[in-house]
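No value in this document is a laboratory result; all are computed from the given coordinates. On a predicted model such as this, the values are computed, not experimentally measured, just so you know. Cβ: placed from backbone, ideal geometry, glycine included. Neighbour counts: every protein chain shown.
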Amino acid sequence: MGRQRDGAKELYWRELIRKWECSALSTGEFCWQHEIEQHQLHAWRQTLERWDAE
């Protein structure tokens, strides 16, 4: 079963991923600055891509 959609979390991660993609920072540096784990960023990116494809 997939992850349950939470509108607030989805919006938060979409915005954060957009900021990361527009930044010149490495994944590690971006995650360190935003106090998140790299695996979270990648997992959410994959989840959002999957949802967008549905």
Relative to the compact-globule estimate 2.2 N^0.38 Å (N residues), the Cα gyration radius of the chain stands at a ratio of 1.14
Residue 28: net charge of surrounding residues, Cβ under 14 Å, Lys/Arg +1, Asp/Glu -1, itself excluded?
-3
